[in-house]
């Protein structure tokens with residue numbers, strides 16, 4: 001379809017829905033706020049920003065809205081993850097059957113381009129910048145190639161601002177911002193170095209601040225894998241963020257606690273939560289996966305206390321299933337979270353995403369099998385584990401999740417976490433209508449309940465509010481967060497026997513016993 005000066009193309013950008021929603025997605029929390037999800041993937045607003053002006057762009061996130069049946073695009077772009085792979089294939093086949101060219105990108109398509117090309121006309125491999133525009137140019141001239149690869153020399157200093165103006169903000173609560181790309185580490189289960197490289201690239205801070213000033217929300221999640229890896233850059237960034245009045249969360253490594261001044265600046269700049277990838281408490285497992293920089297032992301405990309004293313929560317990420325792991329690792333993680341008063345624990349079973357070094361190793365050992373990829377996103381056994389059968393690991397995992405988020409456990413952690421008065425800094429004020437809605441939810445769920453631990457948690461936190469030892473919004477957001485996780489776990493537990501049945505079909509016991517590999521069918 002060659003372009004003339006008046007040609008306008010319709011571009012539909014889609015983020016496919018997931019089959020399984022884990023508790024870490026906080027989907028129920030979004031519903032409490034009257035939204036359909038917390039945020040959508042950053043990929044689509046970024047792709048839209050790198051699309052020429054003569055395109056009419058429509059963004060659809062299937063978790064929060066449906067694809068309009070009466071909308072006929074000229075070209076479709078689909079971002080992909082392993083968990084959305086099956087749905088991406090369905091969408092690709094659907095639009096191609098209507099004669100609409102389909103381009104796929106994202107992490108999963110980048111590492112499996114040939115597989116995705118069975119359902120797409122083209123694949124953008126790696127970063128969109130300096131690849132997507134060439135793809136569209138070829139589309140306009142009727143010479144669309146199958147593969148477009150990002151320029152590895154792209155410096156990322158001054159990227160175009162993500163097109164949040166194309167997103168229905170009534171369906172989401174916060175927006176994503178990326179400031180850095182790359183990761184110098186080489187964890188063998190991770191794809192970040194494969195997609196973004198091991199060389200760290202940093203945006204000009206003026207470019208970052210301009211984007212944040214123009215965001216449609218004051219609630220931000222920085223999607224960088226390690227926002228504070230460059231401490232000098234991080235200090236300058238915090239000082240520039242302070243006047244903006246945003247409330248934000250990020251990911252960082254545990255060494256963020258080595259810099260007391262940086263933690264103080266982060267809290268003053270609006271940080272309320274840091275996701276930290278501890279991954280394992282087993283030194284042998286960390287060494288096995290090449291995450292030697294995380295070997296901390298008891299140093300973890302002091303570091304966690306420092307973060308908490310700054311008034312910042314920790315989302316602690318752990319993985320179980322390494323070759324040196326046994327079922328006891330789950331108890332170890334539970335006990336550690338209790339000792340360190342960390343209520344937010346993102347607990348995952350080891351998975352081996354295609355393209356990772358772990359995947360290549362396990363494939364060569366015959367330890368992979370055909371698993372429905374839409375459910376194999378860290379919450380289900382997807383490989384044969386060395387020292388554990390799949391069903392026994394899954395059962396122990398489910399038991400641990402329920403223990404981690406029982407209100408008895410939550411109450412114990414809350415008392416240890418909040419009693420010293422470190423969480424008194426108030427966050428951003430929310431609209432009156434939303435505030436009243438949330439207060440009613442809290443009163444109904446925590447005060448007018450027969451659950452003694454839930455009611456005790458409410459009375460404990462409101463007592464701290466009266467004594468000015470916790471900010472009102474910090475107390476209420478904690479109760480809402482714990483409630484949302486419990487609701488999601490409850491929903492997922494309704495299908496637990498179905499999942500156990502699927503797992504049982506493939507369970508060959510511990511791999512060390514070298515039992516026969518069986519096929520897994522859903």
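So the values come out like this:
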{"quantity": "Among residues of segment 43-65, those that are within 12 Å of residue 13 (Cα to Cα) and part of a loop (DSSP other than H, G, I, E, B), counted", "calculated": "2"}
{"quantity": "Selection status of residue 318, out of contact with any helix residue (DSSP H, G or I) (no Cβ under 7 Å at 6 or more places or on another chain) and at pLDDT 90 or above", "calculated": "no"}
{"quantity": "Those strands (runs of 3 or more DSSP E) lying entirely in segment 119-190 with at least 1 residues within 29 Å of residue 33 (Cβ to Cβ)", "calculated": "175-177"}
{"quantity": "Matching residues in segment 136-156 - criterion: being modelled with pLDDT of 95 or more, at negative phi and surrounded by fewer than 17 Cβ atoms within 10 Å (Cβ to Cβ)", "calculated": "137, 138, 141, 143, 145, 146, 147"}
{"quantity": "Failed condition for residue 288, given (1) at pLDDT below 95; (2) in contact with a strand residue (DSSP E or B) (Cβ under 9 Å, 6 or more places away or on another chain); (3) over 19 Å from residue 346 (Cα atoms)", "calculated": "(2)"}
{"quantity": "Qualifying positions in segment 106-120 - touching a residue at least 60 places away in the same chain (Cβ under 8 Å) and under 13 Å from residue 89 (Cα atoms)", "calculated": "108, 112"}
{"quantity": "Any hit, segment 194-210, residues being in contact (Cβ under 8 Å) with a residue 60 or more places away in the chain, in contact with a strand residue (DSSP E or B) (Cβ under 7 Å, 6 or more places away or on another chain) and closer than 25 Å to residue 152 by Cβ", "calculated": "yes"}
{"quantity": "Among residues of segment 458-486, those that are in contact (Cβ under 8 Å) with a residue 24 or more places away in the chain and either in a helix (DSSP H, G or I) or in contact with a strand residue (DSSP E or B) (Cβ under 7 Å, 6 or more places away or on another chain) (or both), counted", "calculated": "20"}
{"quantity": "Residue satisfying condition, being buried (at least 18 other Cβ atoms within 10 Å of the Cβ) and part of a loop (DSSP other than H, G, I, E, B), within set 276, 229", "calculated": "229"}
{"quantity": "Residue identified as buried (at least 21 other Cβ atoms within 10 Å of the Cβ), under 26 Å from the mean Cα position of the chain (by Cα) and under 30 Å from residue 312 (Cα atoms) among 394, 379", "calculated": "379"}
{"quantity": "Answer from 179, 172 - the residue that is surrounded by 18 or more Cβ atoms within 10 Å (Cβ to Cβ), in contact (Cβ under 8 Å) with a residue 24 or more places away in the chain, farther than 25 Å from residue 360 by Cα and touching a helix residue (DSSP H, G or I) at 6+ places or on another chain (Cβ under 7 Å)", "calculated": "179"}
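For (1) farther than 24 Å from residue 25 by Cα; (2) surrounded by fewer than 18 Cβ atoms within 10 Å (Cβ to Cβ); (3) touching a strand residue (DSSP E or B) at 6+ places or on another chain (Cβ under 8 Å); (4) at pLDDT below 90, each residue gets a yes or a no:
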| site | (1), (2), (3), (4) |
| --- | --- |
| 428 | no, yes, yes, yes |
| 445 | no, no, no, no |
| 488 | no, no, no, no |
| 491 | no, yes, no, no |
| 494 | no, yes, no, no |
| 505 | yes, yes, no, yes |
| 513 | yes, yes, no, yes |
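The values are calculated or read from the model by the stated rules, or taken from the named source; none is laboratory data. The model shown is predicted, which means the values in this text are computed figures rather than measured ones. Note that we place each Cβ from the backbone using ideal geometry, even for glycine, and neighbour counts take in every protein chain shown.
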